[in-house]
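Working notes, structure below.
The values are calculated or read from the model by the stated rules, or taken from the named source; none is laboratory data. This is a predicted model, so every value here is computed, not measured. Please note: Cβ atoms are built from the backbone with ideal geometry, for glycine as well, and neighbour counts cover all protein chains shown. All accessible areas refer to the heavy atoms of the entire protein, side chains included, with ligands and DNA or RNA removed. Shrake-Rupley method; radii C 1.70, N 1.55, O 1.52, S 1.80 Å.
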Amino acid sequence: MAMKPELMKRMVKGPDGLEFEVEPLRDYYCEAPPTVMPAAYIKIVEDLFNWARAESIWILGFGTGCGAIEMRPLMTPRFDAYRYGVQWRPTPRQANLFIISGYLSTKTLKRAIRAYEQMQNPKYVIGLGSCTINGGMYWDSYNTIKRLDDYLPVDLYIAGCMPRPEALLSGFMDLKKLIRAGKGEGANKYVENFDWYKANQKRVIHDWDMPDYNW
Amino acid sequence: MSFDWMKIPYSLLTLFIVVNYGFLLNALIQKIGARVGRRHGIPIWQNYVDMIKNYGLRSSITHGVMFYLGPVFRLSGGVGLLLFVPTIYGSYMFSNLSFAGDLILALYFVFFGTLGMALGAGESGHPHAAIGITRGLSQMTAAELPFGLAVFSVALQYQTLSVTEIVAAQQGGILNWTLFTNPLAVTAAMLGFLGSMMRPPFDVVLAPQEIPIGPPTEYHSSYLALMQTNRAIFPVAKIVIYMNLFFGGADDWLTFCFKVFLIYLWSAFVGVVFPRFRVEQSIRWFLVWAVPLGVLSIVVV
Ligand code: SF4
(Lines give C-alpha, C1' and ligand atoms only; values in the text may rest on other atoms or scores of the structure.)
Protein backbone atom coordinates (compact mmCIF):
# COMPACT_ATOMS: atom_id res chain seq x y z
CA MET A 1 0.00 0.00 0.00
CA ALA A 2 1.65 3.16 -1.19
CA MET A 3 1.27 6.05 1.18
CA LYS A 4 2.02 9.66 0.42
CA PRO A 5 5.06 10.91 2.35
CA GLU A 6 3.10 13.68 4.06
CA LEU A 7 0.79 11.07 5.56
CA MET A 8 3.59 8.97 7.06
CA LYS A 9 4.38 8.91 10.73
CA ARG A 10 7.27 11.30 11.29
CA MET A 11 9.09 13.55 13.75
CA VAL A 12 8.35 17.26 13.51
CA LYS A 13 10.23 20.12 15.08
CA GLY A 14 7.93 22.79 16.48
CA PRO A 15 8.66 26.54 16.39
CA ASP A 16 9.79 26.42 20.03
CA GLY A 17 12.39 23.76 19.30
CA LEU A 18 10.40 20.89 20.75
CA GLU A 19 10.45 17.68 18.74
CA PHE A 20 7.30 15.63 18.64
CA GLU A 21 5.84 12.80 16.66
CA VAL A 22 3.03 13.29 14.17
CA GLU A 23 0.95 10.53 12.70
CA PRO A 24 -1.38 12.38 10.35
CA LEU A 25 -4.02 9.68 9.89
CA ARG A 26 -4.33 9.28 13.66
CA ASP A 27 -3.91 12.83 14.81
CA TYR A 28 -5.82 14.79 12.21
CA TYR A 29 -8.81 12.54 11.68
CA CYS A 30 -11.46 11.08 13.89
CA GLU A 31 -11.11 7.32 14.08
CA ALA A 32 -14.47 6.47 15.57
CA PRO A 33 -16.50 4.05 13.46
CA PRO A 34 -19.90 5.26 12.29
CA THR A 35 -22.98 4.10 14.15
CA VAL A 36 -26.51 3.27 13.17
CA MET A 37 -28.71 6.29 13.71
CA PRO A 38 -32.18 5.26 14.84
CA ALA A 39 -35.24 7.01 13.52
CA ALA A 40 -37.18 9.39 15.72
CA TYR A 41 -38.93 7.51 18.50
CA ILE A 42 -42.40 8.79 17.80
CA LYS A 43 -43.73 7.62 14.47
CA ILE A 44 -45.59 10.78 13.56
CA VAL A 45 -42.44 12.86 14.07
CA GLU A 46 -40.47 10.53 11.85
CA ASP A 47 -43.21 10.76 9.26
CA LEU A 48 -43.03 14.52 9.37
CA PHE A 49 -39.27 14.42 8.98
CA ASN A 50 -39.53 11.96 6.13
CA TRP A 51 -41.99 14.21 4.40
CA ALA A 52 -39.66 17.16 4.85
CA ARG A 53 -36.70 15.12 3.63
CA ALA A 54 -38.66 14.11 0.54
CA GLU A 55 -39.74 17.65 -0.22
CA SER A 56 -36.34 19.18 0.33
CA ILE A 57 -33.77 17.21 -1.61
CA TRP A 58 -30.38 18.84 -1.64
CA ILE A 59 -28.09 17.42 -4.26
CA LEU A 60 -24.36 17.41 -3.95
CA GLY A 61 -23.02 19.14 -7.03
CA PHE A 62 -20.46 16.52 -7.96
CA GLY A 63 -20.42 15.08 -11.45
CA THR A 64 -18.46 11.94 -12.17
CA GLY A 65 -19.14 10.69 -15.68
CA CYS A 66 -20.82 11.89 -18.85
CA GLY A 67 -24.18 11.80 -17.11
CA ALA A 68 -23.24 14.92 -15.16
CA ILE A 69 -24.16 16.94 -18.19
CA GLU A 70 -27.77 15.88 -17.76
CA MET A 71 -28.05 17.50 -14.35
CA ARG A 72 -27.35 21.02 -15.52
CA PRO A 73 -30.47 21.39 -17.69
CA LEU A 74 -32.51 20.69 -14.58
CA MET A 75 -31.63 24.14 -13.29
CA THR A 76 -32.76 25.85 -16.47
CA PRO A 77 -36.23 27.18 -17.26
CA ARG A 78 -37.07 24.18 -19.40
CA PHE A 79 -36.92 21.57 -16.62
CA ASP A 80 -36.63 23.70 -13.48
CA ALA A 81 -36.21 21.08 -10.78
CA TYR A 82 -36.37 23.79 -8.10
CA ARG A 83 -40.16 23.73 -8.20
CA TYR A 84 -40.05 20.16 -6.83
CA GLY A 85 -37.93 21.18 -3.88
CA VAL A 86 -34.73 19.90 -5.49
CA GLN A 87 -31.77 22.19 -4.93
CA TRP A 88 -28.03 21.96 -5.41
CA ARG A 89 -25.61 22.41 -2.57
CA PRO A 90 -21.91 22.90 -3.15
CA THR A 91 -20.73 21.10 -0.05
CA PRO A 92 -21.28 17.49 1.07
CA ARG A 93 -22.01 18.64 4.61
CA GLN A 94 -25.28 20.18 3.54
CA ALA A 95 -26.32 17.78 0.81
CA ASN A 96 -28.59 14.74 1.24
CA LEU A 97 -28.55 13.24 -2.20
CA PHE A 98 -25.47 12.08 -4.01
CA ILE A 99 -26.01 11.48 -7.69
CA ILE A 100 -23.29 9.29 -9.16
CA SER A 101 -23.71 10.51 -12.66
CA GLY A 102 -22.14 7.80 -14.75
CA TYR A 103 -18.97 5.77 -14.76
CA LEU A 104 -16.71 6.00 -11.75
CA SER A 105 -13.03 5.57 -12.28
CA THR A 106 -11.31 4.12 -9.25
CA LYS A 107 -9.61 7.45 -8.72
CA THR A 108 -12.95 9.24 -8.56
CA LEU A 109 -14.39 6.49 -6.41
CA LYS A 110 -12.04 7.53 -3.64
CA ARG A 111 -13.34 11.10 -3.77
CA ALA A 112 -16.90 9.87 -4.05
CA ILE A 113 -16.48 7.81 -0.88
CA ARG A 114 -14.99 10.74 0.99
CA ALA A 115 -17.80 13.00 -0.11
CA TYR A 116 -20.44 10.41 0.71
CA GLU A 117 -19.11 9.83 4.19
CA GLN A 118 -19.08 13.54 4.94
CA MET A 119 -22.77 13.83 4.21
CA GLN A 120 -25.12 13.70 7.17
CA ASN A 121 -27.45 10.83 7.93
CA PRO A 122 -29.95 10.21 6.34
CA LYS A 123 -28.44 10.41 2.88
CA TYR A 124 -29.39 8.94 -0.44
CA VAL A 125 -27.51 7.80 -3.52
CA ILE A 126 -28.86 7.73 -7.04
CA GLY A 127 -26.96 5.83 -9.72
CA LEU A 128 -27.45 7.58 -13.02
CA GLY A 129 -26.92 5.72 -16.26
CA SER A 130 -26.10 2.12 -17.10
CA CYS A 131 -22.47 2.56 -16.12
CA THR A 132 -23.44 2.58 -12.48
CA ILE A 133 -25.58 -0.53 -12.87
CA ASN A 134 -23.32 -2.96 -14.66
CA GLY A 135 -20.45 -0.99 -16.09
CA GLY A 136 -22.34 0.04 -19.22
CA MET A 137 -20.12 0.56 -22.17
CA TYR A 138 -17.11 0.59 -19.88
CA TRP A 139 -17.86 -2.97 -18.74
CA ASP A 140 -14.39 -4.21 -19.69
CA SER A 141 -12.43 -1.16 -18.67
CA TYR A 142 -9.50 -1.76 -16.36
CA ASN A 143 -10.05 1.47 -14.50
CA THR A 144 -13.75 1.87 -13.72
CA ILE A 145 -15.95 0.12 -11.23
CA LYS A 146 -18.77 -1.98 -12.60
CA ARG A 147 -21.46 -2.15 -9.92
CA LEU A 148 -21.86 0.96 -7.86
CA ASP A 149 -23.93 -0.97 -5.33
CA ASP A 150 -20.83 -2.83 -4.20
CA TYR A 151 -19.22 0.35 -2.97
CA LEU A 152 -21.99 2.68 -1.87
CA PRO A 153 -25.58 1.86 -0.86
CA VAL A 154 -27.66 2.89 -3.87
CA ASP A 155 -31.29 3.87 -3.30
CA LEU A 156 -32.33 4.21 -6.88
CA TYR A 157 -30.99 3.59 -10.36
CA ILE A 158 -31.95 5.58 -13.41
CA ALA A 159 -31.23 3.45 -16.46
CA GLY A 160 -30.18 4.72 -19.85
CA CYS A 161 -27.11 5.85 -21.67
CA MET A 162 -27.52 8.64 -21.10
CA PRO A 163 -30.88 9.23 -19.41
CA ARG A 164 -32.73 12.38 -20.36
CA PRO A 165 -33.34 15.11 -17.77
CA GLU A 166 -36.98 14.02 -17.75
CA ALA A 167 -35.83 10.60 -16.57
CA LEU A 168 -33.95 12.29 -13.75
CA LEU A 169 -37.02 14.26 -12.78
CA SER A 170 -39.14 11.13 -12.65
CA GLY A 171 -36.31 9.51 -10.69
CA PHE A 172 -36.62 12.29 -8.12
CA MET A 173 -40.33 11.61 -7.89
CA ASP A 174 -39.66 7.91 -7.24
CA LEU A 175 -37.02 8.78 -4.68
CA LYS A 176 -39.53 10.99 -2.91
CA LYS A 177 -41.93 8.07 -2.67
CA LEU A 178 -39.16 5.89 -1.24
CA ILE A 179 -38.18 8.48 1.33
CA ARG A 180 -41.74 9.15 2.36
CA ALA A 181 -42.29 5.42 2.86
CA GLY A 182 -39.31 5.41 5.20
CA LYS A 183 -37.20 3.27 2.89
CA GLY A 184 -34.38 5.74 2.37
CA GLU A 185 -32.14 4.15 4.98
CA GLY A 186 -29.02 3.85 2.85
CA ALA A 187 -26.81 5.48 5.45
CA ASN A 188 -27.73 2.90 8.08
CA LYS A 189 -27.35 0.09 5.60
CA TYR A 190 -23.87 1.36 4.88
CA VAL A 191 -23.02 1.30 8.56
CA GLU A 192 -24.49 -2.14 9.14
CA ASN A 193 -22.49 -3.64 6.30
CA PHE A 194 -19.54 -1.38 6.90
CA ASP A 195 -16.90 -4.12 6.73
CA TRP A 196 -18.25 -5.52 3.50
CA TYR A 197 -18.32 -2.09 1.83
CA LYS A 198 -14.84 -1.23 3.08
CA ALA A 199 -13.44 -4.54 1.85
CA ASN A 200 -14.94 -3.94 -1.57
CA GLN A 201 -13.64 -0.39 -1.68
CA LYS A 202 -10.16 -1.35 -0.62
CA ARG A 203 -10.05 -4.10 -3.21
CA VAL A 204 -10.16 -1.57 -6.05
CA ILE A 205 -8.52 1.45 -4.42
CA HIS A 206 -4.88 0.55 -4.16
CA ASP A 207 -3.51 3.79 -2.75
CA TRP A 208 -5.78 3.94 0.27
CA ASP A 209 -4.50 6.94 2.20
CA MET A 210 -7.43 8.12 4.23
CA PRO A 211 -9.08 7.06 7.48
CA ASP A 212 -11.65 4.30 7.28
CA TYR A 213 -14.49 6.68 7.80
CA ASN A 214 -14.17 10.33 6.77
CA TRP A 215 -16.20 12.20 9.33
CA MET B 1 -36.57 52.77 35.59
CA SER B 2 -39.02 49.98 36.10
CA PHE B 3 -39.05 47.11 33.71
CA ASP B 4 -42.28 46.30 32.02
CA TRP B 5 -42.62 42.51 32.09
CA MET B 6 -45.46 42.58 29.63
CA LYS B 7 -42.94 43.58 26.99
CA ILE B 8 -41.47 40.10 26.88
CA PRO B 9 -44.47 38.22 25.46
CA TYR B 10 -45.14 41.10 23.11
CA SER B 11 -41.56 40.98 21.87
CA LEU B 12 -41.85 37.25 21.35
CA LEU B 13 -44.99 37.85 19.33
CA THR B 14 -43.09 40.34 17.18
CA LEU B 15 -40.36 37.78 16.73
CA PHE B 16 -42.86 35.13 15.72
CA ILE B 17 -44.51 37.35 13.14
CA VAL B 18 -41.19 38.47 11.74
CA VAL B 19 -39.79 34.94 11.46
CA ASN B 20 -42.77 33.77 9.46
CA TYR B 21 -42.88 36.89 7.38
CA GLY B 22 -39.16 36.56 6.75
CA PHE B 23 -39.44 32.97 5.58
CA LEU B 24 -42.22 33.78 3.17
CA LEU B 25 -40.56 36.96 2.02
CA ASN B 26 -37.26 35.23 1.29
CA ALA B 27 -39.03 32.60 -0.76
CA LEU B 28 -41.06 35.24 -2.54
CA ILE B 29 -37.98 37.23 -3.46
CA GLN B 30 -36.29 34.04 -4.68
CA LYS B 31 -39.37 33.29 -6.72
CA ILE B 32 -39.31 36.74 -8.24
CA GLY B 33 -35.67 36.19 -9.16
CA ALA B 34 -36.60 32.84 -10.71
CA ARG B 35 -39.48 34.36 -12.66
CA VAL B 36 -37.10 36.86 -14.18
CA GLY B 37 -35.09 33.85 -15.39
CA ARG B 38 -38.35 32.33 -16.70
CA ARG B 39 -38.40 29.63 -14.08
CA HIS B 40 -41.08 28.81 -11.58
CA GLY B 41 -38.62 28.72 -8.75
CA ILE B 42 -39.04 27.15 -5.35
CA PRO B 43 -42.47 26.71 -3.76
CA ILE B 44 -43.30 29.51 -1.36
CA TRP B 45 -43.15 27.19 1.67
CA GLN B 46 -39.83 25.62 0.65
CA ASN B 47 -37.84 27.41 3.34
CA TYR B 48 -40.00 25.90 6.06
CA VAL B 49 -39.51 22.41 4.65
CA ASP B 50 -35.78 22.92 4.37
CA MET B 51 -35.67 24.01 7.98
CA ILE B 52 -37.69 21.04 9.26
CA LYS B 53 -35.46 18.74 7.30
CA ASN B 54 -32.30 20.26 8.66
CA TYR B 55 -33.57 19.97 12.22
CA GLY B 56 -34.59 16.41 11.38
CA LEU B 57 -31.18 15.23 10.23
CA ARG B 58 -29.99 12.51 12.53
CA SER B 59 -26.31 13.20 12.72
CA SER B 60 -24.28 16.30 13.18
CA ILE B 61 -20.63 16.72 13.94
CA THR B 62 -18.78 19.52 15.60
CA HIS B 63 -15.42 21.15 15.27
CA GLY B 64 -15.28 22.77 18.68
CA VAL B 65 -16.99 25.25 20.96
CA MET B 66 -16.90 28.25 18.64
CA PHE B 67 -18.40 26.07 15.95
CA TYR B 68 -21.47 25.73 18.14
CA LEU B 69 -21.50 29.37 19.10
CA GLY B 70 -21.17 30.76 15.56
CA PRO B 71 -24.79 30.16 14.53
CA VAL B 72 -25.98 31.12 18.01
CA PHE B 73 -24.15 34.45 17.79
CA ARG B 74 -25.54 34.97 14.37
CA LEU B 75 -29.07 34.30 15.49
CA SER B 76 -28.72 36.53 18.51
CA GLY B 77 -27.40 39.24 16.22
CA GLY B 78 -30.58 39.04 14.16
CA VAL B 79 -32.92 38.77 17.14
CA GLY B 80 -31.12 41.55 19.00
CA LEU B 81 -31.30 43.81 16.00
CA LEU B 82 -35.01 43.20 15.77
CA LEU B 83 -35.84 43.53 19.43
CA PHE B 84 -34.05 46.76 20.18
CA VAL B 85 -35.74 48.67 17.42
CA PRO B 86 -39.42 49.60 17.47
CA THR B 87 -41.14 47.50 14.83
CA ILE B 88 -44.43 49.34 14.67
CA TYR B 89 -44.36 53.04 15.42
CA GLY B 90 -46.70 54.29 18.11
CA SER B 91 -47.81 50.82 19.17
CA TYR B 92 -47.11 49.85 22.74
CA MET B 93 -47.30 46.17 21.88
CA PHE B 94 -44.68 46.20 19.18
CA SER B 95 -42.26 48.87 20.27
CA ASN B 96 -40.19 46.01 21.74
CA LEU B 97 -37.29 46.92 23.98
CA SER B 98 -36.35 50.15 22.28
CA PHE B 99 -34.87 52.93 24.37
CA ALA B 100 -33.14 56.24 23.90
CA GLY B 101 -29.87 55.80 22.07
CA ASP B 102 -30.80 52.43 20.62
CA LEU B 103 -29.45 53.47 17.24
CA ILE B 104 -25.87 52.82 18.28
CA LEU B 105 -26.80 49.42 19.68
CA ALA B 106 -28.56 48.53 16.45
CA LEU B 107 -25.49 49.45 14.44
CA TYR B 108 -23.49 47.19 16.69
CA PHE B 109 -25.87 44.30 16.27
CA VAL B 110 -25.65 44.54 12.49
CA PHE B 111 -22.01 43.57 12.77
CA PHE B 112 -22.28 41.24 15.73
CA GLY B 113 -23.69 38.27 13.83
CA THR B 114 -21.07 38.44 11.14
CA LEU B 115 -18.27 38.49 13.65
CA GLY B 116 -19.68 35.54 15.56
CA MET B 117 -20.04 33.69 12.32
CA ALA B 118 -16.45 34.50 11.44
CA LEU B 119 -15.21 32.93 14.67
CA GLY B 120 -17.40 29.87 14.26
CA ALA B 121 -16.58 29.26 10.64
CA GLY B 122 -12.92 29.86 11.37
CA GLU B 123 -12.97 27.02 13.86
CA SER B 124 -14.40 24.66 11.27
CA GLY B 125 -10.92 24.70 9.83
CA HIS B 126 -12.07 24.55 6.25
CA PRO B 127 -10.02 26.73 3.93
CA HIS B 128 -13.09 27.73 1.94
CA ALA B 129 -14.69 29.00 5.12
CA ALA B 130 -11.64 31.11 5.93
CA ILE B 131 -11.58 32.63 2.45
CA GLY B 132 -15.31 33.23 2.64
CA ILE B 133 -14.93 35.09 5.90
CA THR B 134 -12.15 37.27 4.61
CA ARG B 135 -14.27 38.20 1.64
CA GLY B 136 -17.39 38.60 3.72
CA LEU B 137 -15.86 40.85 6.33
CA SER B 138 -14.10 43.12 3.87
CA GLN B 139 -17.18 43.52 1.74
CA MET B 140 -19.37 43.98 4.80
CA THR B 141 -17.11 46.71 6.13
CA ALA B 142 -17.15 48.54 2.84
CA ALA B 143 -20.94 48.26 2.67
CA GLU B 144 -21.48 49.36 6.26
CA LEU B 145 -19.41 52.49 5.77
CA PRO B 146 -21.96 54.44 3.72
CA PHE B 147 -24.73 53.15 5.97
CA GLY B 148 -22.89 54.31 9.06
CA LEU B 149 -22.27 57.73 7.54
CA ALA B 150 -25.93 57.99 6.57
CA VAL B 151 -26.97 57.07 10.09
CA PHE B 152 -24.74 59.79 11.55
CA SER B 153 -26.15 62.24 9.09
CA VAL B 154 -29.68 61.33 10.09
CA ALA B 155 -28.80 61.47 13.78
CA LEU B 156 -27.34 64.94 13.27
CA GLN B 157 -30.34 66.02 11.30
CA TYR B 158 -32.82 65.06 14.03
CA GLN B 159 -30.42 65.69 16.92
CA THR B 160 -31.24 62.34 18.53
CA LEU B 161 -29.99 58.78 18.77
CA SER B 162 -33.38 57.24 19.48
CA VAL B 163 -35.01 55.42 16.61
CA THR B 164 -38.46 56.15 18.03
CA GLU B 165 -37.84 59.89 18.02
CA ILE B 166 -36.47 59.74 14.50
CA VAL B 167 -39.64 57.99 13.36
CA ALA B 168 -41.75 60.49 15.27
CA ALA B 169 -40.05 63.35 13.48
CA GLN B 170 -41.00 61.85 10.13
CA GLN B 171 -44.72 61.62 10.77
CA GLY B 172 -47.33 63.73 9.02
CA GLY B 173 -47.12 63.24 5.32
CA ILE B 174 -44.80 61.52 2.94
CA LEU B 175 -42.73 64.67 2.44
CA ASN B 176 -41.52 64.53 6.02
CA TRP B 177 -39.68 61.26 5.40
CA THR B 178 -35.95 61.35 5.52
CA LEU B 179 -36.12 60.20 1.94
CA PHE B 180 -37.16 63.74 1.03
CA THR B 181 -35.61 65.75 3.81
CA ASN B 182 -32.19 64.17 3.44
CA PRO B 183 -32.04 62.41 0.07
CA LEU B 184 -28.25 62.17 0.01
CA ALA B 185 -28.08 60.11 3.18
CA VAL B 186 -30.85 57.83 1.98
CA THR B 187 -29.15 57.25 -1.34
CA ALA B 188 -25.87 56.41 0.34
CA ALA B 189 -27.61 54.06 2.75
CA MET B 190 -29.60 52.34 0.02
CA LEU B 191 -26.42 51.72 -1.94
CA GLY B 192 -24.87 50.25 1.18
CA PHE B 193 -28.03 48.22 1.68
CA LEU B 194 -27.35 46.36 -1.55
CA GLY B 195 -24.11 45.13 -0.12
CA SER B 196 -25.58 43.56 2.98
CA MET B 197 -28.49 41.66 1.48
CA MET B 198 -26.41 38.87 -0.05
CA ARG B 199 -27.99 39.23 -3.42
CA PRO B 200 -26.13 39.91 -6.66
CA PRO B 201 -24.10 41.89 -7.54
CA PHE B 202 -22.69 41.58 -4.02
CA ASP B 203 -23.30 37.92 -3.23
CA VAL B 204 -19.85 36.63 -4.00
CA VAL B 205 -19.46 35.69 -0.34
CA LEU B 206 -22.28 33.18 -0.16
CA ALA B 207 -22.66 32.21 -3.80
CA PRO B 208 -22.61 28.42 -4.24
CA GLN B 209 -20.73 28.70 -7.50
CA GLU B 210 -17.83 30.64 -5.99
CA ILE B 211 -15.56 29.24 -3.29
CA PRO B 212 -18.29 26.81 -2.31
CA ILE B 213 -20.78 28.81 -0.33
CA GLY B 214 -18.20 30.64 1.78
CA PRO B 215 -18.38 30.74 5.58
CA PRO B 216 -21.06 28.07 6.12
CA THR B 217 -19.17 25.43 4.13
CA GLU B 218 -18.90 23.12 7.12
CA TYR B 219 -22.26 23.92 8.67
CA HIS B 220 -25.01 21.35 8.46
CA SER B 221 -28.04 19.90 10.27
CA SER B 222 -29.27 22.01 13.16
CA TYR B 223 -26.42 24.50 12.87
CA LEU B 224 -27.54 25.27 9.38
CA ALA B 225 -31.16 25.37 10.44
CA LEU B 226 -30.32 27.99 13.07
CA MET B 227 -28.59 30.02 10.42
CA GLN B 228 -31.56 29.65 8.12
CA THR B 229 -33.80 31.02 10.84
CA ASN B 230 -31.46 33.94 11.08
CA ARG B 231 -31.62 34.36 7.34
CA ALA B 232 -35.33 34.94 7.80
CA ILE B 233 -35.01 37.37 10.71
CA PHE B 234 -31.96 39.36 9.80
CA PRO B 235 -33.01 40.92 6.48
CA VAL B 236 -36.36 41.92 7.91
CA ALA B 237 -34.75 43.35 11.03
CA LYS B 238 -32.30 45.26 8.95
CA ILE B 239 -35.02 46.57 6.69
CA VAL B 240 -37.00 47.65 9.74
CA ILE B 241 -34.10 49.93 10.66
CA TYR B 242 -34.01 51.35 7.17
CA MET B 243 -37.75 51.79 7.22
CA ASN B 244 -37.64 53.59 10.54
CA LEU B 245 -34.74 55.81 9.67
CA PHE B 246 -35.54 56.73 6.12
CA PHE B 247 -39.05 55.80 5.12
CA GLY B 248 -41.21 57.06 7.93
CA GLY B 249 -41.61 53.82 9.87
CA ALA B 250 -44.85 51.85 9.89
CA ASP B 251 -48.06 52.42 11.83
CA ASP B 252 -49.50 48.94 11.46
CA TRP B 253 -48.51 45.51 10.20
CA LEU B 254 -49.95 46.09 6.74
CA THR B 255 -47.82 49.14 6.08
CA PHE B 256 -44.94 47.27 7.68
CA CYS B 257 -45.24 44.30 5.32
CA PHE B 258 -45.67 46.54 2.33
CA LYS B 259 -42.73 48.80 3.05
CA VAL B 260 -40.42 45.94 3.99
CA PHE B 261 -41.34 44.14 0.81
CA LEU B 262 -40.65 47.18 -1.32
CA ILE B 263 -37.29 47.86 0.30
CA TYR B 264 -36.32 44.19 -0.09
CA LEU B 265 -37.49 44.32 -3.69
CA TRP B 266 -35.01 47.09 -4.33
CA SER B 267 -32.11 44.74 -3.69
CA ALA B 268 -33.77 41.95 -5.68
CA PHE B 269 -34.40 44.36 -8.53
CA VAL B 270 -30.78 45.40 -8.69
CA GLY B 271 -29.80 41.76 -8.23
CA VAL B 272 -31.55 40.39 -11.29
CA VAL B 273 -30.26 43.19 -13.50
CA PHE B 274 -26.57 43.22 -12.67
CA PRO B 275 -24.03 40.41 -12.67
CA ARG B 276 -21.87 39.55 -9.72
CA PHE B 277 -18.96 41.69 -8.58
CA ARG B 278 -15.71 40.30 -7.33
CA VAL B 279 -14.85 41.40 -3.82
CA GLU B 280 -12.30 44.02 -4.75
CA GLN B 281 -14.64 45.37 -7.40
CA SER B 282 -17.49 45.71 -4.96
CA ILE B 283 -15.31 47.37 -2.34
CA ARG B 284 -14.08 49.83 -4.92
CA TRP B 285 -17.66 50.41 -5.99
CA PHE B 286 -18.75 51.22 -2.45
CA LEU B 287 -15.81 53.49 -1.81
CA VAL B 288 -16.23 55.36 -5.09
CA TRP B 289 -20.00 55.70 -5.28
CA ALA B 290 -21.56 55.29 -1.88
CA VAL B 291 -19.07 56.67 0.64
CA PRO B 292 -18.67 60.15 -0.93
CA LEU B 293 -22.46 60.46 -0.93
CA GLY B 294 -22.49 59.61 2.76
CA VAL B 295 -19.76 62.16 3.53
CA LEU B 296 -21.59 64.75 1.47
CA SER B 297 -24.81 64.12 3.34
CA ILE B 298 -23.07 64.78 6.65
CA VAL B 299 -21.47 67.94 5.29
CA VAL B 300 -24.78 69.22 3.97
CA VAL B 301 -26.55 68.56 7.25
S1 SF4 C 1 -24.17 5.37 -18.89
FE2 SF4 C 1 -23.51 6.14 -20.89
S3 SF4 C 1 -23.75 8.36 -20.71
FE4 SF4 C 1 -23.74 7.52 -18.64
S5 SF4 C 1 -21.61 7.62 -17.96
FE6 SF4 C 1 -21.93 5.61 -18.86
S7 SF4 C 1 -21.29 5.81 -20.97
FE8 SF4 C 1 -21.60 7.88 -20.17
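If both residues of a DSSP beta bridge must be in the protein assembly as shown, then about 30% of such bridges are antiparallel.
In chain A, helices alone account for a calculated mean residue ellipticity at 222 nm of -9500 deg cm²/dmol, with every DSSP H run of four or more residues adding -39,500 (n - 2.57).
Averaged over peptide B:39-48, the number of partner chain Cβ atoms lying within 10 Å of each residue's Cβ comes to 4. Span-like helix check, chain B: qualifying full DSSP H segments, with Cα axial length of 24 Å or more and mean Kyte-Doolittle of 0.0 or more, are B:7-36, B:65-83, B:102-123, B:127-158, B:221-246, B:253-273. Probing with 1.4 Å while keeping every protein chain in the model, the per residue accessible area of segment A:1-40 equals 81 Å². Across chain A, the mean sequence separation of Cα contacts (distance under 8 Å, 6 or more residues apart), normalised by length, yields a relative contact order of 24 percent.
Report the FRET efficiency, 1/(1 + (r/R0)^6), for A:E23 and A:N143, where r is their Cβ-Cβ distance and R0 is 41 Å, rounded to 0.05. The pair A:E23/A:N143 has a calculated efficiency of 0.85. Buried accessible area for the B:A pair, summed, 1.4 Å probe, in Å² rounded to 100? When B and A are taken together, about 2600 Å² of accessible area is lost. Where does segment B:7-300 land on Rg(C-alpha)/(2.2 N^0.38 Å)? Compared with the compact-globule rule of thumb, segment B:7-300 sits at 0.97.
In segment B:7-300, what percent of the accessible surface is made up of carbon and sulfur (1.4 Å probe, ligands and nucleic acids excluded)?
Solvent-exposed carbon and sulfur of segment B:7-300 make up 73 percent of the total.
With a cut-off of 14 Å between beta carbons, the residues surrounding B:V36 carry a summed charge of +4, where Lys and Arg count +1 and Asp and Glu -1.
Taking K and R as +1 and D and E as -1, what net charge do the other residues with C-beta under 10 Å from the C-beta of A:D207 add up to?
Working: positive: A:K4, A:K107, A:K110; negative: A:D209.
Summing Lys/Arg as +1 and Asp/Glu as -1 gives +2.
Taking all Cα pairs closer than 8 Å and separated by 6 or more residues, the relative contact order of segment A:24-96 comes to 34 percent.
Give me the net charge of B:S221's neighbourhood, meaning all other residues with Cβ under 9 Å from the Cβ of B:S221; Lys, Arg count +1, Asp, Glu -1.
Combined, the nearby Lys, Arg, Asp and Glu give +2.
Its relative contact order, with pairs defined as Cα atoms under 8 Å and 6+ residues apart, puts chain B at 27 percent. Inter-chain Cβ neighbour count for A:50-59, averaged per residue, equals 5 (cutoff 10 Å, partner chain atoms only). Beta bridges assigned by DSSP with both partners in segment A:35-163 are antiparallel in approximately 10 percent of cases. Pairs of Cα atoms in segment A:66-165 fall into 5 Å distance bins, from 0 up to the last occupied one, in shares of 3, 13, 22, 25, 20, 12, 5, 1, 0 percent.
Highest GNM mean-square fluctuation among B:L82, B:L28, B:L103, for chain B modelled with Cα contacts below 10 Å: B:L28.
How do B:T141, A:T106 stack up against each other in accessible area, from largest to smallest, with a 1.4 angstrom probe?
The ordering from most to least exposed comes out as B:T141, A:T106.
Couplings 3J(HN,Hα) for segment A:197-210, derived from phi with the Karplus relation 6.51 cos²θ - 1.76 cosθ + 1.60 (θ = phi - 60°), are 4, 5, 4, 4, 5, 6, 5, 9, 8, 8, 9, 6, 10, 9 Hz, where x marks Gly and Pro. The tail of the calculated P(r) for the protein assembly as shown, taken as Cα-Cα distances beyond 38 Å, holds 35 percent of the pairs.
In order along segment A:120-133, phi translates into HN-Hα couplings of 9, 5, x, 9, 10, 10, 10, x, 10, x, 5, 4, 7, 8 Hz, rounded to whole numbers, per the Karplus curve 6.51 cos²θ - 1.76 cosθ + 1.60 with θ = phi - 60° and x for Gly and Pro. Here's how it looks for B:G41: its modeled amide H is under 5 Å from those of A:R83, which are all 5 or more places away or on a different chain. Distance between the C-alpha centres of segment A:71-108 and segment B:1-79: 25 Å, rounded to the whole angstrom.
Reducing segment A:132-188 and segment B:249-301 to their Cα centroids gives an inter-centroid distance of 46 Å.
Close amide H contacts of A:Y157 (hydrogens built in the peptide plane, cut-off under 5 Å, sequence separation of 5 or more or a different chain): A:G127.
Solvent-accessible surface (1.4 Å probe) assigned to B:L262 amounts to roughly 80 Å².
A:R53 contributes about 10 Å² of solvent-accessible surface, heavy atoms of the protein only, 1.4 Å probe. When chain A is treated as a Gaussian network with alpha carbon springs shorter than 10 Å, the biggest mean-square fluctuation among A:P15, A:P90, A:P77 belongs to A:P15.
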